[in-house]
1. Test residue 109 against the stated conditions and say whether it is farther than 24 Å from residue 213 by Cα, crowded, with 19+ Cβ neighbours inside 10 Å and in contact with a strand residue (DSSP E or B) (Cβ under 7 Å, 6 or more places away or on another chain).
2. Of the residues 93, 133, which is in contact (Cβ under 8 Å) with a residue 24 or more places away in the chain and under 24 Å from residue 318 (Cα atoms)?
3. Given the criterion out of contact with any Gly (no Cβ under 6 Å at 6 or more places or on another chain) and either within 30 Å of residue 273 (Cα to Cα) or of a type in the set (Val, Ile, Thr) (or both), identify the matching residue among 82, 33.
4. Specify which of the listed residues (161, 105) is in contact with a Gly (Cβ under 6 Å, 6 or more places away or on another chain), basic (Lys, Arg) and not in a strand (DSSP E or B).
5. Within the stretch 113-135, track down each residue that is of a type outside the set (Val, Ile, Thr) and over 18 Å from the mean Cα position of the chain (by Cα).
6. Which residues, taken from the stretch 48-57, are touching a strand residue (DSSP E or B) at 6+ places or on another chain (Cβ under 8 Å) and under 18 Å from residue 9 (Cβ atoms)?
7. Look at the stretch 250-267 and say how many of its residues are closer than 12 Å to residue 178 by Cα and either open to solvent by 10 Å² or more (accessible area, probe 1.4 Å) or more than 13 Å from the chain's Cα centre (by Cα) (or both).
8. I'd like to verify a number: residues in the stretch 136-154 that are assigned to a loop (DSSP other than H, G, I, E, B) and more than 18 Å from the chain's Cα centre (by Cα), how many?
Amino acid sequence: MTVGSRPIVYFRADGHAKMGLGHVFRSLALAEMLRDHFSCHFMIREPLPSLHKQILAICESITALPITENHDQEAQYLCDTMLKGNEIVVLDGYHFRTSYQQAIREKGCKVVCIDDIHACHFVADVIINHAAGIMESDYDTENYTCFYLGLKYALLRKPFRENARNHDFKDREAAILICMGGADPNNDTLKVLEKCAIFDENFQYYIVTGPAYLYEKELRKFIQDTNLKINWLVDVSAEEMLHCMRKCPVAILPPSTVAYEYLSVGGVLYLRITADNQIRMNESFITEELAFSFDDFGENIRKEDHLPQLLDRQARFFDGRQQQRFINIFTNLVTSKTIC
């Protein structure tokens, strides 16, 4: 199905305080890369008001789906009420398992799965996994499935893709960025700050929390009581986040979408795992010597003296050319060309 001359792509992802917002944000990053060539639409359960606004800034429509724990029933609902049979459907979430994918393919649609845990048999036409060190053999798939794996397929928002071609660090301060994701369900922000207070070396701290953060009262009290110099930013735009990252030669982040964005900017990155699905990504970043474990954060904070070597490695992986790669992938899906 097309709108005008543009094929339709539906994005299906969820995000909330318990789950986090990573699936939604990386799906939106992909939609933003495709929207000049494809008609992009988003399907989500219970979107937060702020997410609703962000989605409509990129996609042409948003559909709030009925709440159900029966995922197969939801897939059938989409096939019966929304899908015509010749769209591309992008699934980003661990509950879109084999039977969900199969129902949509049987409708006639192409299925793209954004995945980072390879926990089921996949019948998708395409799998995108932007973790370093992942291999096709990690997956159980059909023989027609095409893989697009590794950091050259990083799902970055436009400001970060463009910055990857413009490494200029003249605005850097003696500053550390802390962002534990859009939801931070376990309040890792506060736990990280408590460790930073032990090893403070007179840094400025930029703390970023998202629209689903539930611990504002606790964080506000910590800021009032601490000697740390803290700038607290809430629900920032991509441009504001980029500006903040460019100030900070050091960052403490989960091994998730926000870490990819920081690596595209370049700097000393410490990783703190906040969810089990981040373990493989954490290992890959550290193995590739792109980042360090937050367990190593301490008195000898790796900052400016380590930047040249780090930035060189990071720049080799983040070249800013992701958009054209994804346009090619989806164009080939529409034309039924197989280029894996």
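1. Spelling it out, residue 109 is indeed farther than 24 Å from residue 213 by Cα, crowded, with 19+ Cβ neighbours inside 10 Å and in contact with a strand residue (DSSP E or B) (Cβ under 7 Å, 6 or more places away or on another chain).
2. 133
3. After applying the criteria, what remains is 33.
4. On the way: 105 fails: in contact with a Gly (Cβ under 6 Å, 6 or more places away or on another chain).
After applying the criteria, what remains is 161.
5. Across the stretch 113-135, the qualifying residues are 119, 120, 121, 122, 124, 125, 135.
6. Taking the stretch 48-57 as the starting set, the residues that turn out to be touching a strand residue (DSSP E or B) at 6+ places or on another chain (Cβ under 8 Å) are 48, 51-52, 55-56.
Matches in the stretch 48-57: 55, 56.
7. The total comes to 4.
8. 5
The values are calculated or read from the model by the stated rules, or taken from the named source; none is laboratory data. Being a predicted model, the structure only gives us computed values, none of them experimental. Positions of Cβ are backbone-derived with ideal geometry, glycine not excepted, and every protein chain shown enters the neighbour counts. Quick note on the areas: whole protein, heavy atoms, side chains included, nothing else; ligands and nucleic acids left out. Shrake-Rupley method; radii C 1.70, N 1.55, O 1.52, S 1.80 Å.
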